[in-house]
Amino acid sequence: MAITTYAELQTAISDYLARTDLGPFIPDFISMAENWLNYGSESVSPLRTREMEAVVSLVPVNGVVSLPADYLEALRVSENTSYKRTLNYITSDEAERLYPDGAAGLGTAYSIIGTSLYTFPLVSNNVNLVYYQAIPPLASNTTNWLLDKSPSVYLRASLMQAADYTKDDGELTKQAQLAGALIAGLNRSDMMGKYRRAGVSMRGPTP
């Protein structure tokens, strides 16, 4: 069957499990699958594709901005002056050592602590953040870009969560391998389309 909506995904999971007692838990399996896709695991890299990229302009207060609620990873941070000044990532320890006086000025660096982004020196201009955002949860949406692009990864990741819940180790291993392979394929396809064909060198995201 085609899987194009949240309801159809739940039906597909139910049909595969063939256990009516698990019906009430299927929305939880999907939510846990989304969390796993967002953050990955020790053995599987998280999903990272260009559909997850977002841009936002943030207003600093004393050089500090709050990260978006759906923030996963920063790709690029810049200060919005007459031209965009790119800020380089530094650790909080480096920030304390390099900028101990907390002076204001044009930004050169940033660090992330908790759910806030700190600029150094402390900037007053808007901060432009390009970042990876979390997958829009299906619990709040009829569908989303990932379900349109790869319903299989949603199905396999959800079945993996169901197998973990029922303590079926064999099924857990099987579904984890299938879901992991789908994630790797999506990430690889995205990297090839975005960078290799354009002849641009690849650089990884910062924390």
When only residues in segment 101-125 that are assigned to a loop (DSSP other than H, G, I, E, B) and more than 27 Å from the chain's Cα centre (by Cα) count, which is farthest from residue 80 (Cα to Cα)? 101
Between a first residue in segment 60-73 that is in the same structural domain as residue 87 (by TED's automatic domain parsing) and a second residue that is in a loop (DSSP other than H, G, I, E, B) and among the hydroxyl-bearing types (Ser, Thr, Tyr), which pairs have beta carbons less than 7 Å apart while being 6 or more apart in sequence or on different chains? 60/124; 66/115; 67/115
Filter segment 93-103 down to residues that are surrounded by 11 or more Cβ atoms within 10 Å (Cβ to Cβ), under 15 Å from residue 63 (Cα atoms) and in contact (Cβ under 8 Å) with a residue 12 or more places away in the chain, then give me how many there are. 3
Going by the conditions given, is residue 150 in contact with a Gly (Cβ under 8 Å, 6 or more places away or on another chain) and either of a type outside the set (Ser, Thr, Tyr) or more than 21 Å from residue 19 (Cα to Cα) (or both)? no
Which numbered condition trips up residue 71, out of (1) under 16 Å from residue 150 (Cβ atoms); (2) aromatic (Phe, Trp, Tyr); (3) touching a strand residue (DSSP E or B) at 6+ places or on another chain (Cβ under 9 Å)? (1)
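The values are calculated or read from the model by the stated rules, or taken from the named source; none is laboratory data. Everything numeric in this text was worked out from a predicted model, so none of it was measured. Cβ coordinates were reconstructed from backbone atoms using ideal geometry, including for glycine residues, and neighbour counts include every protein chain displayed.
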